[in-house]
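Trainee: Pasting in a structure now, in structure tokens, and then I'll have a few things to ask.
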Amino acid sequence: MPQIYSMRTTLTIGDEVDTRLRTIAERQNRSYKDVVNEALSAGLNQMEVSEPAIGYKVRVADFGLKNGIDENKLNQLYDEIEAGN
């Protein structure tokens with residue numbers, strides 16, 4: 001079993017976050033330290049999972065159909081090509 005290390009540190013936590021953490025700790029009858037650690041761990045897990053993917057844009061161009069091709073008969077054209085006509 002891996003050894004678990006603890007590090008003691010000082011953090012500046014906003015009032016709203018502190019109030020939420022203390023409320024959870026009180027409701028769940030848990031230590032403030034345990035709630036803070038769980039919240040940090042959950043937040044880090046979420047951040048690692050939801051890394052934004054590199055986006056790209058696709059430019060669309062409408063070239064239309066060649067003259068003489070009826071878009072309502074594309075299935076028929078496909079069948080003719082498949083049959084070798």
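Nothing in this text is a laboratory measurement; each read-out follows from the coordinates by a stated rule. No experiment lies behind these values; they were computed from the predicted model shown. Glycine gets a Cβ as well: all are built from the backbone with ideal geometry, and neighbour counts include every protein chain shown.
Trainee: Output yes when any residue across the stretch 44-55 is within 19 Å of T10 (Cα to Cα) and not polar (S, T, N, Q), and no when none is.
Mentor: Within the stretch 44-55, one or more residues are within 19 Å of T10 (Cα to Cα) and not polar (S, T, N, Q).
Trainee: Being among the small types (G, A, S) and either part of a helix (DSSP H, G or I) or in contact with a Leu (Cβ under 7 Å, 6 or more places away or on another chain) (or both) is the filter; apply it to the stretch 26-74 and report the residue that is surrounded by the most Cβ atoms within 10 Å (Cβ to Cβ).
Mentor: By that ranking, first place goes to A39.
Trainee: Tell me which of these E80 doesn't satisfy, since it passes every other one: (1) over 27 Å from the mean Cα position of the chain (by Cα); (2) under 27 Å from T19 (Cβ atoms); (3) assigned to a helix (DSSP H, G or I).
Mentor: (2)
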